[in-house]
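Quick note: the coordinates plus some simple rules give every number you see, no bench work behind them. From a predicted model like this one, the values you see are computed outputs, not experimental measurements. Don't worry about glycine lacking a Cβ; one is built from the backbone with ideal geometry, like all the others, and counts go over all protein chains shown.
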């Protein structure tokens, strides 16, 4: 078969397929069971599609996420780390965020089964230094707590100290390591 004959055959097959698709549509056949997946980025209230940008940059143990309004030129960033269990479910997540007046906070999330008022203990260093936070609210997935970034936490961030996180669930205690290693590198990039 020559190249010209092959092209004619391909064009004929395409015409038949398009004709069949048009005929099916005219007969009221439902559309295929496929649709466009919406973006994973939820556009905040007051922003317009195409005028909002999210940048995600991976670092060692941490991820930098920056949201920017192209309209107002406002940029908000946070640095986050998630620790997952063997099934892939988030067991602990913390994010370095800033308050409206620029003060740094560490926002923590643990499974909702812990309940409001649950204690989250961070133990860092050989001594160790302890920081305790208490969850103040929960949704269907997580309970939330925040802790100010004070001198103790700053020192351990600079030293890339391993952090032992512990909290209690109804089925028993949870203890895991959440490394601070890599966080100072992310913060250096933000300056």
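Take every Cα pair under 8 Å whose residues are at least 6 apart in sequence, average their separation, divide by the length of the stretch 50-168, and the relative contact order is 17 percent. Counted by neighbouring Cβ atoms within 10 Å, the residues 55, 108 run from fewest to most as 55, 108.
In what order do 139, 129 fall by count of nearby beta-carbon atoms within 10 Å, going from fewest to most?
Listed from fewest to most nearby Cβ atoms, that is 139, 129.
For 74, 155, the sequence from fewest to most other C-beta atoms within 10 Å is 74, 155. Across the stretch 102-151, the mean sequence separation of Cα contacts (distance under 8 Å, 6 or more residues apart), normalised by length, yields a relative contact order of 45 percent.
Modelled this way, with points 7 Å down the Cα-to-C-beta line, the labels at residue 189 and residue 176 are 2.2 nm from one another.
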